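What follows is a set of notes on a single structure, which appears directly below.
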Amino acid sequence: MTGDPRVIASSAARPGAAPVVRVEGDWTLRSLASRAAEIRKELALAGGDADWQLAVSRLDSFGATLLWHAWGERWPRELEADDALKATIERVADAAAVPLPEPRSYTLIDAVVALGRVQLGLFDHVVGLVRLLGQLVLDFVYLIRHPRDWPLFEISANVFKVGAKATPVAALVGFLIGVVLSYLSALQLRAFGADIYIVNILGLGIVRELGPVLVSVLVAGRSGSAMTAQLGVMRVTEELDALTAMGISRTRRLVLPKVVALTLAMPLLVLWTSGVALLGGMVSAWMQLDLSFGFFLDTLPRVVPIANLYIALAKGAAFGLLIALVACHFGLRVRPNTESLSANTTASVVSAITAVILVDAVFAIATRSIGVPG
C-alpha cells in the first residue's frame, strides 16, 4: 500500500485484549520529514503495549527509528510484519544497543602525543617546502638552459593579478595607516615640544618596518589565498592529474610563474605602499603640527638613510618568495574534497603571515646596525 504515512489505532476486539495499531503508507525520510512531529505524537498516543500491524509500502532506517522509539526500544508483544520489515527494524535495534564509549580523562601521555603530532606535522611541512623549493631551483636551471620554455605569459598574468590589481587596496590601507600613525605620534611629540621628530618616526617606521610587513599581510590574505585556492580547485577537478598525464610539469607551468611574479611584484608594492603611507603621514602632520610638505620632504632624506629603502625592498622580495612558496605548498597538498580545500586555504594564510613575522624578526636582528642614524 502506498501513500502518506498513517497510524491507525483501534480498540481491543474483546475485553482484556491489547489494542491494535496499524501502520500504513510510505515510512521513509522523504515522506515523514514534513510530518515527523505529528507522527511522533500519534505513535506516543498509540502506546508501546499495543499489538502492531505493519502494512507499509516502504520502510527505511528513519521510519524504523521512529517505531523503535515509540515501542520504548523493545519489541512489542505482538508484531505482524513481513521478514524484510522486521530485518530493517532489527538493524536499527542493534545499532541502538551499541553502547557509547566512556569518556576518557586527558592525561599527560595525551599531551605528549599531541605535542609530538604537532612537531611531526611541522616537520612534514618544512620538508615539503624544502622539496618544493628544490624542484623550483631545478626548473629554474632547466629554463636557463632552454630560454624558449620560459612561461612568460603566465608570469606576466600573475604580476598583473598580484601586483597591479593590489595597488588600490594597498594605497588605501597605507594612506590610512600613515594618517593614524602620524596623528598618534603628534599627540605625544607635541607634549614634549619635539614636533619635528615626527619625520624620523614616520620615515623609519614606515619605510623600514611597517611598509613591508603591512603589504605582506595584505598580499598573504589576498593573493596567497587565491593561489592556494586555484591550485586546490585544480586538484579537486583533477586538472593537476591531467597535466601529469600529459607530461607537463605542474611546478614549471603553475608554481614557478606565481613565485617569480610575487617575488618581482612585492618590492614594487612595498615602495608604492610606503610612499602613500608617508603621504598620509605628511597630510596628518600638516593638519596636526602645521609642518609643511616642503619641510617634510626636505628632512626625510637626511633622517632616513637610503639603506633603509634597500632593506625594505629586500624584505619585500623575501616576503614575496616566502608567501608564494607557502601558498603553493598548501595548494598542492589539497585532497580532492572541498573540506580539504577550505582547511588548506585557511592554513596557507595563517602560515604565510606567521612566517613573514618570523622572517621580519630575523631581518631586524641581522640589519640592526644598518641604516639607523647615530
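For the chain, complete DSSP H runs whose alpha carbons reach 24 Å or more along their own long axis and whose mean Kyte-Doolittle score is -0.5 or higher are 108-145, 167-192, 256-289, 306-332, 338-366.
Note that the range 147-294, at 10 °C in a medium of 1.306 mPa s, gets a Stokes-Einstein diffusion coefficient of 91 µm²/s from its Kirkwood radius over C-alpha pairs. Each other residue within a Cβ distance under 12 Å of residue 155 adds +1 if Lys or Arg and -1 if Asp or Glu, for a net charge of +3. Counting protein heavy atoms only, the range 327-374 has 68 percent of its accessible area on carbon and sulfur, 1.4 angstrom probe. To put it simply, the accessible area of the range 10-129 at a 1.4 Å probe is 59 percent carbon and sulfur.
The range 142-211 and the range 313-366 have their alpha-carbon centroids 19 Å apart. Radius of gyration over Kirkwood radius for the range 217-282, both on Cα atoms: the Rg/Rh ratio is 1.18.
Build a GNM of the chain with springs between Cα atoms under 10 Å: which of 110, 51, 298 gets the top mean-square fluctuation? Judging by the Gaussian network model, the answer is 51.
Relative contact order of the chain, taken over Cα pairs closer than 8 Å and 6 or more residues apart, is 17 percent.
Each of 71, 264, 18 was scored by the projection of its Cα onto the charge dipole of the chain, and the greatest displacement toward the positive side belongs to 264; charges sit on the C-beta of Lys, Arg, Asp and Glu.
Computed as a quarter of the hull surface, the mean projected area of the alpha carbon convex hull for the range 62-187 stands at 22.5 nm². Taking all protein chains together and a 1.4 Å probe, the residues 142, 183, 310 rank 310, 183, 142 from largest to smallest accessible area. Scaling the Cα radius of gyration of the chain by the globular reference 2.2 N^0.38 Å produces a ratio of 1.64. Roughly how many whole Å is it from the C-alpha centroid of the range 24-79 to that of the range 213-237? The distance from the Cα centre of the range 24-79 to that of the range 213-237 comes to 51 Å. Computed from Cα atoms alone, the Kirkwood hydrodynamic radius reported for the range 1-144 is 19.8 Å. Note on the chain: antiparallel DSSP beta bridges, both residues inside, total approximately 35 percent of the bridges counted. Measuring only protein heavy atoms, the 1.4 Å probe finds residue 169 accessible over about 60 Å². At a probe radius of 1.4 angstrom, the accessible area of the chain per residue rounds to 56 square angstrom.
As a test of the formula, what do you get for the chain when each DSSP H run with n ≥ 4 contributes -39,500 (n - 2.57) and the sum is divided by the residue count, at 222 nm and rounded to the nearest 500 deg cm²/dmol?
It comes out at -22000 deg cm²/dmol, rounded to the nearest 500.
For the range 201-245, count all C-alpha to C-alpha pairs, find those more than 13 Å apart, and express that count as a whole percent of the total. The calculated P(r) of the range 201-245 puts 66 percent of pairs beyond 13 Å. Amide H to amide H distances under 5 Å link residue 9 with 22, where only residues 5 or more positions off or on other chains count and H is placed in the peptide plane. Ratio of Rg to Rh for the range 245-374: 1.13 [Cα atoms; Kirkwood radius as inverse mean 1/r over pairs].
Return the carbon/sulfur percentage of the accessible area of the range 162-223, one whole number, probe 1.4 Å, all protein chains in place. Of the solvent-accessible surface of the range 162-223, carbon and sulfur hold 76 percent.
The values are calculated or read from the model by the stated rules, or taken from the named source; none is laboratory data. Every value quoted in this text rests on a predicted model; they were computed, and no experiment measured them. All Cβ positions, glycine included, derive from the backbone under ideal geometry; neighbour counts span all protein chains shown. For accessibility, only protein heavy atoms count, side chains too; no ligands or nucleic acids. Shrake-Rupley method; radii C 1.70, N 1.55, O 1.52, S 1.80 Å.
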